[in-house]
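Below is one structure; the comments refer to it alone.
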Amino acid sequence: MGMPKTLQIAFDREWKLALERRRNREFEAAFAHLERAHIIGQRYTGPHLRSHVAMWVVGLQRRDWREVWGQLPRMLAALLFSRIWVPIGNTGGANVSAIKPMPVPADLRRLLAEES
């Protein structure tokens, strides 16, 4: 089952913004957009994995070794668990527990509610 079109559009928008920020070396802003993309796509294996790989790349660019190492098990978990269980709202960064549900930003909450 693929990602619903409205979620795909929102994911793609956050992904594009993250890439633009990375190109401008605005790594904190890029990461924030990747966190939003993660929340949107975490129930879908491909987008979920893409989010973690991109966070890993930003970690490398920032020389944030905690992020680099922390993303490796998250990539594996995205492959194995995206369809089974995800902690809703979790932003996906190594700075938070990989299993902790988190509050979903209001705009994303509305978007995700439309698709459930």
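Tabulated results
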{"quantity": "Any hit, the range 28-50, residues being among the hydroxyl-bearing types (Ser, Thr, Tyr) and within 18 Å of Thr6 (Cα to Cα)", "calculated": "yes"}
{"quantity": "Failed criterion for Val58 (all others in (1) under 13 Å from the mean Cα position of the chain (by Cα); (2) closer than 18 Å to Asp107 by Cα hold)", "calculated": "(2)"}
{"quantity": "Subset of the range 62-95 (residues that are in contact with a His (Cβ under 8 Å, 6 or more places away or on another chain), among the aliphatic types (A, V, I, L, M) and surrounded by fewer than 19 Cβ atoms within 10 Å (Cβ to Cβ))", "calculated": "Met75"}
{"quantity": "Top-ranked residue in the range 96-116 [being surrounded by fewer than 12 Cβ atoms within 10 Å (Cβ to Cβ) and of a type in the set (Lys, Arg); ranked as farthest from the chain's Cα centre (by Cα)]", "calculated": "Arg110"}
{"quantity": "Pair list, Cβ under 6 Å, 6 or more apart: the range 70-90 residue over 13 Å from Val53 (Cβ atoms), other residue in a helix (DSSP H, G or I) and of a type outside the set (Val, Ile, Thr)", "calculated": "Ser82/His48"}
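Read-outs: derived from the displayed coordinates by stated rules, not from any lab. Please read these numbers as outputs of a predicted model, since none were measured by experiment. Note that we place each Cβ from the backbone using ideal geometry, even for glycine, and neighbour counts take in every protein chain shown.
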